[in-house]
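Okay, structure first, notes after.
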Amino acid sequence: MQTAARTLYILAIALLTVMTVGFGTVTFYEGPKMPEYPSPRIVKPADGGGQSAAEIQEQNEAQAKYDAEFKVYRDLNKAHARTELAIVTSIGLVVLLAGIGVPAAPDVLRVGLMLGGIFTVVWGLVKNASEAGSGIMFVVAALGLVILACFSLPTPRRVLARAFGGGETDLLGPR
């Protein structure tokens, strides 16, 4: 029962870490505003005819203006996504390293922070996948893989073993 309570506490810390970083990023680092699509004006003249050439020209100009604004928005959004991914990844790494490196914290808090850091990086990857570009996504995913590989090092393994009440073996196998 004690292990289940510890596990739930660790997961709660991890999830609240991700939510704090995620909502903080969305709140304090807003993206560009999407331009408003021009609404077509459909005019029904009394004589039952269609739109005049001037109205059609006006709608075409509004559409061209929107297309230009949307292209600018798309470029700004891609840059925003890349920057947001860098910010979220950096915060995730700091949280992960804090979980590994702060010896005075209880082990369940340390493991919760380590998982929170990993989940934060994953959240950043998922949220910005469509805009950030495959090269940047590869670098961040590879960085996450390296970090997970570091969990086989002695210090993180000791923290994990103590947090889950492990003895001679831990979650990753014999020491």
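The values are calculated or read from the model by the stated rules, or taken from the named source; none is laboratory data. What you see is a predicted model, and the numbers here were worked out from it, not measured in a lab. Neighbour counts are summed over all protein chains in view; Cβ atoms, including those assigned to glycine, are modelled from backbone coordinates with ideal geometry.
Annotations
- Some residue of the range 60-73 being closer than 30 Å to LEU143 by Cα, touching a helix residue (DSSP H, G or I) at 6+ places or on another chain (Cβ under 8 Å) and at pLDDT 85 or above: no
- Among residues of the range 128-148 that are under 22 Å from GLU30 (Cβ atoms), those with a Cβ under 8 angstrom from a residue that is part of a helix (DSSP H, G or I) and among the polar types (S, T, N, Q), sequence gap 6+ or separate chain, pair up as GLU131/ASN77; VAL140/THR89.
- Pairs linking a residue in the range 34-61 that is within 30 Å of HIS80 (Cβ to Cβ) and part of a loop (DSSP other than H, G, I, E, B) to a residue that is aromatic (Phe, Trp, Tyr) and at pLDDT 85 or above, with Cβ atoms under 7 Å and 6 or more positions apart or on different chains, are MET34/TYR73; PRO35/TYR66; PRO35/PHE70; PRO35/TYR73; TYR37/TYR66; PRO38/TYR66.
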